[in-house]
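These notes are about the structure you will find just below.
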Amino acid sequence: MGAQWKAKGKALVADAKGKLFGKLVKEIMVAARLGGGDPAANSRLRMAVEAARKASMPKDTLDRAIKKGAGVGADAVNYSSVLFEGYAPHRVPVMVECLTDNPNRTAPNMRVCFRKGQMSAVAWDFDHVGMIEGEPENGADVEMAAIEAGAQDFEAGEEEGTTLFITDIADLDAVSKALPAQGIKVLSVKLGYKAKNPISMSSLSAEQQEEVQEFLAGLENDDDVQHVYAGLVD
């Protein structure tokens, strides 16, 4: 029994890593297609490459993704960004960002994912913003760093000890470059969606919370889904 559980655990870890690599490869390819294959001149590609390296992606996989996205070689692939909106159970607003090479496959898959929710226009309840995940070093003052770097706001990040800096879209690159001088190690940079009126998880029953979490997990598990933004707070 123990060997079986160990084997299952290794398979789950491998599957999770495979999904992560898949998302990173897509982001690298789209960044290279939109801004060119030189990370030094393409901030979105630079951060995608850094994220891939942090995840221990093999160099040949990384290089191949850049070439495909930039249209170099016979195996160039063109991914497009598709956005889906709607509600999770209990009227939790959700924005789903997909990267796909086949929108005709993605749309039906999303309709299936939303069966326990509702596809509906909810973009009005979100702000489109720049998001920078950072980690303060040597006791850096997060609030002062946000002010000095020009961020609009900040909040606790998803990982313990990290901070999410919110910026205007036009200021994303400038703020990400300014934060290191304020003692903040930049971990990731992206455009995303921040809910204007998030629902508190504590306002939902334990059963309702589980239903929302299962719905969001179903979205995350779809291979075409790149990011899920839910209007939730703890």
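The values are calculated or read from the model by the stated rules, or taken from the named source; none is laboratory data. Small disclaimer: the values here were computed from a predicted structure and weren't measured. Neighbour counts run over all protein chains shown; Cβ positions are idealised from the backbone, glycine included. Protein only, heavy atoms only, side chains kept; ligands, DNA and RNA dropped before computing areas. Shrake-Rupley method; radii C 1.70, N 1.55, O 1.52, S 1.80 Å.
Sort out for me the Cα centre separation of the range 136-170 from the range 20-40, rounded to whole Å. Centre-to-centre distance over Cα atoms comes out at 25 Å. The packing ranking, built from the mean of other Cβ atoms within 10 Å per residue, places the peptides 131-141, 54-64 in the order 131-141, 54-64, highest first.
Each of VAL189, PHE114, VAL175 was scored by the projection of its Cα onto the charge dipole of the range 96-234, and the greatest displacement toward the positive side belongs to PHE114; charges sit on the C-beta of Lys, Arg, Asp and Glu.
When each full DSSP H helix of the chain is screened for a Cα extent of at least 20 Å along its own axis and an average Kyte-Doolittle hydropathy of at least -1.0, the helices passing are 2-35, 206-220. Put +1 on the Cβ of each Lys and Arg and -1 on the Cβ of each Asp and Glu in the range 10-70; which of ALA52, ALA70, GLY36 then has its Cα farthest toward the positive end of the dipole? Value: ALA52.
Under the combined filter of DSSP loop state and at most 12 neighbouring Cβ atoms within 10 Å, the range 183-234 retains these trypsin sites (Lys or Arg not before Pro): LYS196. Computed from point charges on the beta carbon alone (+1 for Lys and Arg, -1 for Asp and Glu), the dipole magnitude for the chain about its Cα centre is near 1160 Debye.
Of the solvent-accessible surface of the range 80-233, computed with a 1.4 Å probe and all protein chains present, 46% belongs to carbon and sulfur. For the range 115-234, the number of Lys pairs with C-alpha atoms closer than 23 Å, counting only pairs eight or more positions apart or on separate chains, is 5. Normalised per residue, the accessible area of the chain is 55 Å², obtained with a 1.4 Å probe and no contribution from ligands, DNA or RNA. Remark: accessible surface ordering of ASP234, ASP153 (largest first) is ASP234, ASP153, probe radius 1.4 Å.
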